[in-house]
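The values are calculated or read from the model by the stated rules, or taken from the named source; none is laboratory data. Only a predicted model underlies this, so the values are computations on that prediction, with no experimental measurement involved. Reconstructed Cβ throughout: ideal geometry from the backbone, glycine too, with neighbour counts over all protein chains shown.
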Amino acid sequence: MTQVLDGVQRSTFPVKLFITAGIVFLIFFILPFLVGVFQTALISKLLLFGALAISLDLVWGFTGILSFAHGVFFTLGGYAMAYYLKLNLSSTNNNYGVELPDFMVWNGLEQLPWFIAPLKFFPVAVLAMVLVPAVFAYIIGWFIFRSKVSGVYITIITLAISSALTTLFISQQAYTGGTNGITDVAILTLLGIEITDINLYWVILIFTTLVLAGSLWLTRSNLGLILRSINENERRISYLGYDVASFKIFIWTLSAAIAGIAGGLFVPLNRFISPVYLAVAFGTQVVIWVAIGGRGTLFGPLIAALLLGQVQNYAERVTQDWQLIVGILLLVVVLFLPKGLMGLVPRISPDKLLIPSPNPSAGYVQARLLDWFTPLQGSFRTVQEWLTRGNRRH
């Protein structure tokens, strides 16, 4: 809800943006009927990668936290769903004709570990898909941000986490499947109905759309203003009385939960998950999507994930060194497009859509979308006035 002060002119609803988004969604919705099965599966995967890139953009593009650990959150959510599908694979479809997963039989396990057994139930697996990466991110974030670690040191820590977990998952072959991961899982069924590839595509499309819409709403709220302010000048925001660490932990945990859901949807689509998505290489790939698409744009990382995925698909048919092509694209963007691909598109400032700039004669509109998040509601107006005075002086 917005509060309009006296003398203000109501902000114009972004009709063109809304119509354009609706048309794009409709095109993607009917796309499976226009392309083949392979392209439908590929676009489904790229949409999930786009949602993953958006989750990283929330912490890097808006809050200034460069993380290489989002592949970790993605994989943790994926393993939660993979265990469920593997444990519900019929014994006749297992290599050894037993209900115990084949990789556990290979490694001499005779019964299902207690911490994996609950994942046989779908509600538990869905909760684990969200909570395991979110709780893990919260614990890591609490230690990082409460210790006031910042800058390149956060990046180094996320690299270390990615490397350590990759080694751990590979070494614990009896529980994780080792290097191969969890493969040959069951087809996802709900209420006894098998989820087809096209139905899964629509679920993924709706999920990615909700992630994009929710992220836009979040970043254009009071909370979004605070996150951008933390990115610009963290010390000033802390001087105003805001608990910067709490905001960082919140957005860090939220982005991890989004990444976990993306990983959970990835498994029934590709029928496997492995430690390769834990590795630094995949985490770097997510960073590249955000960098090429444009930090702090949300649309850019999604578009970059879709485009680069298609580039990789066609480049692999020509050469095995497709990474070189992606590297050249990244170099071109860094040198000539510092704002990413979205820098080529004329942008409408979010302030003009939801929070018009203050005007002495007309007043201003104050968005109150997430006032429940912080008890310092009264201080928000002070932040706006302070930022306004700063802009006028410059």
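One residue stands out in the stretch 183-238 among those that are under 18 Å from residue 267 (Cβ atoms) and hydroxyl-bearing (Ser, Thr, Tyr): the one that is surrounded by the fewest Cβ atoms within 10 Å (Cβ to Cβ), namely 196. Within the stretch 280-394, which helices (runs of 4 or more DSSP H) (wholly inside it) include 2 or more residues that are modelled with pLDDT under 75 and among the small types (Gly, Ala, Ser)? Counting at least 2 such residues, we get 377-393.
Residue 188 satisfies every condition listed in (1) within 20 Å of residue 70 (Cα to Cα); (2) under 23 Å from the mean Cα position of the chain (by Cα); (3) of a type outside the set (Asp, Glu) except (1). Among the residues in the stretch 232-241, are any part of a helix (DSSP H, G or I) and under 21 Å from the mean Cα position of the chain (by Cα)? No: zero hits.
Quick grid of which residues meet (1) crowded, with 23+ Cβ neighbours inside 10 Å; (2) modelled with pLDDT of 95 or more; (3) closer than 15 Å to residue 278 by Cα:
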| site | (1), (2), (3) |
| --- | --- |
| 77 | yes, yes, yes |
| 107 | no, no, no |
| 122 | no, no, no |
| 132 | no, yes, yes |
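Annotation: residue 233 fulfils all but one of (1) in contact with a helix residue (DSSP H, G or I) (Cβ under 9 Å, 6 or more places away or on another chain); (2) at pLDDT below 90; (3) farther than 26 Å from residue 122 by Cβ; the unmet one is (1). Which one is surrounded by the fewest Cβ atoms within 10 Å (Cβ to Cβ), of the residues in the stretch 137-155 that are touching a Phe, Trp or Tyr at 6+ places or on another chain (Cβ under 9 Å) and in a helix (DSSP H, G or I)? For the stretch 137-155, the residue satisfying everything is 155.
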